[in-house]
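First the structure, in the form of structure tokens, and then the observations on it.
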Amino acid sequence: MLYTLKASFNELMLMCVFLLIGMVVFASLMHFAEGNEGYDNIPIGFWWSIVTMTTVGYGDMYPQTGFGYIIGSLCAIAGLLTIAFTVPIIVSNFVLYYTHVQYGLARREKDVERMQETAKDEEEGKYVNNSFRTTRTFSDSTAIELGETIALTSNSDEKNSKCV
């Protein structure tokens, strides 16, 4: 969820800016439309416009004139559109992150299964070459010789690296 909010930060800020602009515009319009009907100053209209734009609608303030009804309707529609345009972007970012996490979990499960198969093959004395995805079974003596060869090769590589 936190990743989604970080990825959607610009969209959230844009939504807040549009809500603030709408709040100022509609509060001012309501102050001039309603005047003495409960909207004595513009900051009182801020409360009404935010409650209307976010579709909360407490009912403590409402328009009482015809022009106020029109402004209230436009305010509610503007709030719905502002929120409706930004929420799909946030949901899209969440789905993208969720899909990424699910893919990672599935990949980890496959890795665990592969590691368990490799451990099982090693217990049974099988040599697994992951680069070619082939499995060969050796006798115990061959496995010991192979191990000694690898040890000798790694020791000679260390000596050569010191000479350089």
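Kindly provide the chymotrypsin sites (Phe, Trp or Tyr not before Pro) of region 1-64 that DSSP labels as loop, not H, G, I, E or B, and whose Cβ sees at most 14 other Cβ atoms within 10 Å.
Those that pass, being in a loop and sparsely packed, are Tyr58.
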Could you work out the local net charge near Leu96, counting Lys and Arg as +1, Asp and Glu as -1, over the other residues with Cβ closer than 15 Å to its Cβ? 0
At a threshold of 8 angstrom on Cα-Cα distance, excluding pairs fewer than six apart, so keeping six or more, what relative contact order does region 28-126 reach in percent? 22 percent
Sequence ranges 63-75, 108-120, ranked by mean other-Cβ count within 10 angstrom, highest first: 63-75, 108-120
Expressed in nanometres to one decimal, the distance between label points 7 Å along Cα→Cβ at Leu81 and Glu113 is 5.1 nm
Distribution output for region 1-102: share of Cα-Cα pairs per 10 Å bin in percent, first bin at 0, values 16, 40, 22, 15, 7, 1
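Values in this text are rule-based calculations from the coordinates and carry no lab data. In this text the structure is predicted, and so the values were computed from the model without any measurement. Every residue, glycine among them, receives a Cβ derived from its backbone with ideal geometry; neighbour counts consider all protein chains shown.
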